[in-house]
1. Counting alpha carbon pairs within less than 8 Å and at least 6 residues apart, what relative contact order, in whole percent, applies to region 76-208?
2. Any idea how far apart ILE79 and VAL21 come out in nm if each label point goes 7 Å out from Cα toward Cβ?
3. For region 62-107, what size does the Cα cloud have along each of its three principal axes, sorted from largest down, in whole Å?
4. 7 Å from Cα along Cα→Cβ at both ASP189 and THR10: what's the point-to-point distance in nm?
5. Work through the residues other than ALA73 whose Cβ is under 12 Å from its Cβ and net out their charges, Lys, Arg +1 and Asp, Glu -1.
6. Taking all protein chains as present, what is the carbon and sulfur share of the accessible area of the chain, in % to the nearest whole number, probe 1.4 Å?
7. Among VAL72, VAL21, VAL43, whose mean-square fluctuation peaks in a Gaussian network model of the chain (Cα, cutoff 10 Å)?
8. Which value, in debye to the nearest 20, describes the size of the charge dipole of the chain about its Cα centre when Lys and Arg Cβ atoms bear +1, Asp and Glu Cβ atoms bear -1, and nothing else is charged?
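The values are calculated or read from the model by the stated rules, or taken from the named source; none is laboratory data. Treat the numbers as computed from the prediction; the structure is a model and nothing was measured. All Cβ positions, glycine included, derive from the backbone under ideal geometry; neighbour counts span all protein chains shown. Please note that ligands, DNA and RNA were not included when accessible areas were found on the heavy atoms of the full protein model with its side chains. Shrake-Rupley method; radii C 1.70, N 1.55, O 1.52, S 1.80 Å.
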Amino acid sequence: MSRRYDSRTTIFSPEGRLYQVEYAMEAIGNAGSAIGILAKDGVVLVGEKKVTSKLLQTSTSTEKMYKIDDHVACAVAGIMSDANILINTARLQAQRWDKNYGFQLYMSDPSGNYGGWKAAAIGANNQAAQSMLKQDYKDDITREDAVNLALKVLSKTMDSTSLTSDKLELAEVYLSPSGSVKYQVCSPDSLSKLLVKSGVTQPAAEAS
């Protein structure tokens, strides 16, 4: 009898629950983590790439980060085919985007709820990540400090024992010296240096 409430996204159970939406949110909760931090001079996005096998050829393109428009980017967690549909819609909407309020960070979920955040985390261990962000975030944080904070949070909450550039993606939205908004994905080499600089991983041993 109860199974009939699982079949549609618009059928409420007697307790007022939408099981399909809850299942979708649970799937995201088990996906690779993504963290967004709003800094005074930009927005930082960091995502965990799930490496399922050492034999798998890792992609050179980004899997978690997407450019929506010249001034809009997003990080995703969950089923990528669903994300692609939302990204296409967002790209259309971004052409009518509000440019009056400076840098903004939004988080949305499968229920359709969304809201503006100063720092947010989705995916696996998001509650622990959110707790760390709440403790360490400051309103006047710079983009450089936001990167360090995001990497620190992921290092403490990721299932993997060590952080390396092939397990992460980092993207930033910021103002260029000319005043235009720029979206930039960090290269693997630069990301490796950032991980060492932030103290969350050890430098690779040099061959003698």
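1. Relative contact order for region 76-208 comes out at 15 percent.
2. 1.7 nm
3. Computed over region 62-107, the largest-to-smallest principal extents equal 32, 17, 17 Å.
4. Spacing of the two 7 Å Cα→Cβ label points: 5.4 nm.
5. With Lys, Arg at +1 and Asp, Glu at -1, the net is 0.
6. Exposed carbon and sulfur together represent 51 percent of the surface.
7. Largest GNM mean-square fluctuation: VAL21.
8. For this selection, approximately 200 debye.
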